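Beneath this line is the structure, given in structure tokens, with notes to follow.
Just so it is clear, none of the values below were taken in a lab; they were calculated from the coordinates. Keep in mind that what you see is a predicted model, and the values were worked out from it rather than measured. Cβ sites come from the backbone with ideal geometry, for glycine too, and all protein chains shown count toward neighbours.
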Amino acid sequence: MTTRATRTFIAQRASAVLLLPFVIWVVWSLAALAGAEPSQMRAWLTEPVTAVLFAAFIVISAFHMRIGLAEIIEDYVHSGAKGVFMTLNWLAAIAVGAAAIYAAYALAFSS
Amino acid sequence: MTEGASARPLSPHLQIWRWTATMAASITHRATGIALYGGFVLLAVWFVAAAIAPGPFDRISNLFGSPLGLVILFGFAWSLVFHTLNGLRHLYWDTGRGLAPKTAAMTSWLVFGASFVTAALVFAAALVTAGR
């Protein structure tokens, strides 16, 4: 019943709703960290709760922004380059998400 | 766009229309989306640097306090707030409401205003924190 386009539409909205509380938390936290020493910022990122939430924020955002940029590519690129851009978009989003998961793991859960 | 099968007509593009608030909000939603894409790449780099490269992490973090760093941070904060508020507008539209031209124009102005005020307030709060 649901087509791929419908699933993408729903995924875009669902991730948007999911991101709302994260945006409030991140904006609040970064404002509170203004002027802090790099070591204090690092200590904040190293707390397991922060590391997990921050990674989740970046992963959901990567998911959301991949769909958004794909929509823009579909609107403006009609040549054969479209597939290349779509692939690069996937790779960039996966790289951003994977980097965040790795960083959270290395900061808070290794050693 | 002239090759065979794909040489179908396209709808008139940007430069042909009179500017409206709704159009500006729509374009800004996409522009801030693209800016945030770049912002999240930087955010991921910063996060990874915290984990594996203390030297670069310190340098990036110190950059946040420089004039250029503050401009980038304000741009990121405003983009995030605008995209979030205008995203709420999109979610409201998805319920089939708020689509009348006058209502949509009013909410466009509202989102532009509220995003600047919110970003400015957050920044003011951050500057107060920094001066603690």
From the C-alpha gyration tensor of the protein assembly as shown, square roots of 5λ in Å = 34, 23, 17
Once the dipole of segment B:20-132 is set up from charges on Cβ (+1 Lys and Arg, -1 Asp and Glu), the residue from the list B:Leu63, B:Ala105, B:Gly33 lying farthest towards its positive end is B:Ala105
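Could you compute the net charge surrounding A:Thr8? Neighbours are other residues with a C-beta less than 15 Å from the C-beta of A:Thr8; K and R count +1, D and E count -1.
On the way: positive: A:Arg4, A:Arg7, A:Arg13, A:Arg66; negative: A:Glu71, A:Glu74, A:Asp75, B:Asp94.
Spelling it out: positives minus negatives among the neighbours equals 0.
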Under the Karplus relation with 6.51, -1.76 and 1.60 and θ = phi - 60°, whole-Hz ³J(HN,Hα) for segment A:37-47, x at Gly and Pro, equal 5, x, 5, 5, 5, 5, 4, 5, 5, 7, 4
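Using unit Cβ charges (K, R positive; D, E negative) and no other charged atoms, how large, in debye to the nearest 20, is the dipole of chain A about its Cα centre? Before the final figure, lay out each step's value.
Numbers: 6 positive and 5 negative charges, 57 e Å.
Result for chain A is approximately 280 debye, rounded to the nearest 20.
Which value, in debye to the nearest 20, describes the size of the charge dipole of chain B about its Cα centre when Lys and Arg Cβ atoms bear +1, Asp and Glu Cβ atoms bear -1, and nothing else is charged? Don't skip to the end; give the middle numbers.
On the way: 8 positive and 3 negative charges, 66 e Å.
Dipole size: approximately 320 debye.
State to the nearest 20 debye the size of the charge dipole of the protein assembly as shown about its Cα centre, where the only charges are +1 on K and R beta carbons and -1 on D and E beta carbons.
Details: 14 positive and 8 negative charges, 101 e Å.
Dipole of the protein assembly as shown, to the nearest 20 debye: 480 debye.
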Give the Rg/Rh ratio for segment A:1-65, taking Rg as the radius of gyration of the Cα atoms and Rh as the Kirkwood radius, to two decimals.
-> 1.14
HN-Hα J in Hz across segment A:15-20 - Karplus 6.51, -1.76, 1.60, θ = phi - 60°, x for Gly and Pro = 5, 4, 5, 4, 6, 3
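Order these by the 10 Å Cβ neighbour count, fewest first: B:Asp94, B:Asp58, A:Asp75.
Working: B:Asp94 12, B:Asp58 17, A:Asp75 9.
By the 10 Å Cβ count, ascending, the order reads A:Asp75, B:Asp94, B:Asp58.
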DSSP H helices in chain B with Cα extent of 20 Å or more along the helix axis and mean Kyte-Doolittle hydropathy at least 1.0?
-> B:21-52, B:101-130
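Let me know the Kirkwood hydrodynamic radius for segment B:7-132, please, with Cα pairs as the basis and the value in Å to one decimal. If you can, show how the numbers build up before the last one.
Details: mean 1/r = 0.0588 Å⁻¹.
Averaging 1/r across every pair of different Cα atoms and inverting gives 17.0 Å.
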Could you run the Karplus curve 6.51 cos²θ - 1.76 cosθ + 1.60 with θ = phi - 60° over segment A:5-10 and give me ³J(HN,Hα) per residue in whole Hz, x for Gly and Pro?
-> 4, 5, 4, 5, 4, 5
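How would you classify chain A from its alpha-carbon gyration tensor, with a ≥ b ≥ c the square roots of the eigenvalues: rounded for a/c under 1.5, else prolate if a/b is greater than b/c, otherwise oblate?
Numbers: a/c = 2.36, a/b = 2.00, b/c = 1.18.
Taking the square roots of the gyration eigenvalues as a ≥ b ≥ c, chain A is prolate.
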Nearest 10 degrees, 0 to 90: what angle lies between the long axis of helix A:81-108 and the longest principal axis of chain A (Cα atoms)?
-> 20 degrees
